[in-house]
Amino acid sequence: MGSLEGVLARIETAVGELAGLLAPDVLRGWEAPSVGRLVDAHARIRRATGRLDGVRLTVLPRIEDDGSWRSGGMTRTFASWLRLREGISASTARKDVTTARRLATALPVTRERLVNGTVGVDHVRVMTEVAPTSETRQDALAWLIDTRTGEPTTPEAFVHTVAVDLPDPQDDPDGTLTRDRITQVLETAVAEGTLVTGEGLVLREAGVLNADQFRIVARRFATVTDPDTDDLDDDKAAAGEFLDVSKTLGGYHVAGFLTDEHGLLVTTAITSLLGAPAAGDDRGPGQRRAQGLADVARVVLDTNQASPGASILPHLNVTVSWSELVTQVTRTRDGSCLTCGQTAPGQSRRGSGRRPGTGLTGGVAGAADPAVPAGPAETSGSPGAGAGAGAGEIGVGVGAPGPDVGLGAGWLSSGGGVFSESGGRVPRGLLRRLACDSAVTRVVFGPDGAVVDVGRAQRTVSGQMRRAVIARDRHCVFPGCDQPPSRCEVHHAVTHWAQGGATSVSNSALLCWFHHQLVDTRGIAMAWAGKPTTTGAAGVLVESGWVFTDARDHRICLPEAIEPAPDSGGSDDQAGMPPAAAA
């Protein structure tokens, strides 16, 4: 057989030869092995390394039991000594030591099969992590199980369940023949698999299940043999549950731990709102989950599930002055006005037909009286109320009541829109969405900061108009998106409100919360082309009648675009506008 060192030397030599045969330059050469040979080689290499891991884990308990690693007092634990001795990470050292101990004390059959190559390393990890996690479970691993019934048994009880031709007591006065016959019956039952240990019963599934599926079987064994430990683990998990939502630079930081029950509730709720990615949606899974979590909160608030008896429904509130709202929603990222092109927010081109200081056409600016003294008109609305009945509010006000502080009377005196609860800055994209669809409350302040007048809350899109838009669009009209009206907002589609667009059915379209923000912030244009005459197969999304064009004038469409039907026609002044559905 040779010495330990000699065998290891031969293994190292063989590994070197194997590495030379499978070097990267060889695999790219003309004489490279075929892919079929490489597939077989990869499986054999994994099996060989697993067997070596089994031998290594057999050695570790012997080294630990010797205790010589304590000499010098450099380390207090065997795992720490192993980490320093071999230069591995602390987590790897702890995992190896724990695995080796459990294989030596509670899982001898598992260790034997790992060394023989009949069980893989991943299956062994599952066994050591799940099966011997309490004294009761360690005892259960050594129980005898009658596979015919699946119930624990004893040698005596098992013998009584099979036909055994025992010798006559007169022929076997000392019982030797009887014991030999019973031993033979038990050995035969073990060889045939009729009688196994608890460990063997679980390992029977390792040959036909992958490691993830095998974990379910091992977990079931642990639960059946010792449910009390599961209860303790559940209590620990519940006690360790927490959720931190902390304001930080640019947003909020979220961290926490949830039990399996609460984690599944949250992930199921988020997944139910995500749906499949629509055309042009290049967000990663984490980004889409973040959006889904915010959408869950919107649904709860918009449907008034949190406080059904409250006189004032809970929702996000924003305060911004009317002039600042107009300034923000009509400016691009470089600070110029969307309509007049001016950089200074208080100026407009002569002859443009727009009121000074608003950047809006005269008709639209009439939504608020510019002659009203300085003081905010608080606009309450919901960027997530969508097609609902207006449950939930967002407040948008114009400036802050009271005198300016150190910034003069110019345009610097306005601080922009803020969230009423936290005072944080409101993104311009959100203000543009509020201009499309929100509930607005006008609040007028006097010179001393006192409230002079509070107007009645009104939605920018009425209930009748909303019902007509829903009847026509039915869901989010962005290509590939099928979010229902309850998760949508009404968007000023052809001409934005900030550019003088009318609040009408012909100028309105349903967009889900994500795509509403996407359209407003990415310079995406919309136009009505008419719905297709064919509906396609059941469950397949077709063109909604709206055409989307990105900032580079490229059409955004479904992966297999369905050409829209020709425009049904209409008056010249309504070209490119969809028909007004009946309320």
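Computed values, structure above
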{"quantity": "For SER504, solvent-accessible area (1.4 Å; no DNA, RNA or ligand), Å²", "calculated": "40 Å²"}
{"quantity": "Reach of LYS236 by Cα under 27 Å, taken over lysines that are not fewer than 8 positions away in the same chain", "calculated": "LYS95"}
{"quantity": "Integer Hz, Karplus 6.51/-1.76/1.60 couplings in order for segment 256-261, x for Gly and Pro", "calculated": "x, 9, 10, 5, 4, 4"}
{"quantity": "³J(HN,Hα), Karplus 6.51/-1.76/1.60, whole Hz, each residue of segment 66-73, x for Gly, Pro", "calculated": "5, x, 5, 5, 7, 4, x, x"}
{"quantity": "Distance in nm between pseudo-label sites at GLU112 and GLU205 (7 Å out along the Cβ direction from Cα)", "calculated": "2.2 nm"}
{"quantity": "Net lengthening on full extension, MET74/ALA237 (0.36 nm per residue, minus Cα-Cα)", "calculated": "55.1 nm"}
{"quantity": "Computed accessible area, ARG179, all protein chains, 1.4 angstrom probe, square angstrom", "calculated": "130 Å²"}
{"quantity": "Positive-pole candidate from VAL55, ALA93, VAL15, dipole of segment 14-124, charges at beta carbon", "calculated": "ALA93"}
{"quantity": "For ALA509, residues with placed amide H under 5 Å, excluding near neighbours", "calculated": "HIS491, ALA493"}
{"quantity": "Cα centroid separation - segment 159-214 against segment 474-502, whole Å", "calculated": "72 Å"}
{"quantity": "Residues whose placed amide H lies under 5 Å from that of THR197, excluding near-sequence neighbours", "calculated": "ILE145"}
{"quantity": "Total charge dipole magnitude, segment 21-71, about the Cα centre, Cβ charges on Lys, Arg, Asp, Glu only, Debye to nearest 20", "calculated": "140 debye"}
{"quantity": "Nonlocal amide H pairs with VAL318, under 5 Å, H built at 1.01 Å", "calculated": "GLY381, GLY395, VAL396, SER420"}
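The values are calculated or read from the model by the stated rules, or taken from the named source; none is laboratory data. Note that the coordinates shown come from a computational prediction; the quantities given were computed from them, not determined experimentally. Cβ coordinates were reconstructed from backbone atoms using ideal geometry, including for glycine residues, and neighbour counts include every protein chain displayed. Calculation scope for accessible area: heavy atoms of the full protein, side chains included, ligands and nucleic acids excluded. Shrake-Rupley method; radii C 1.70, N 1.55, O 1.52, S 1.80 Å.
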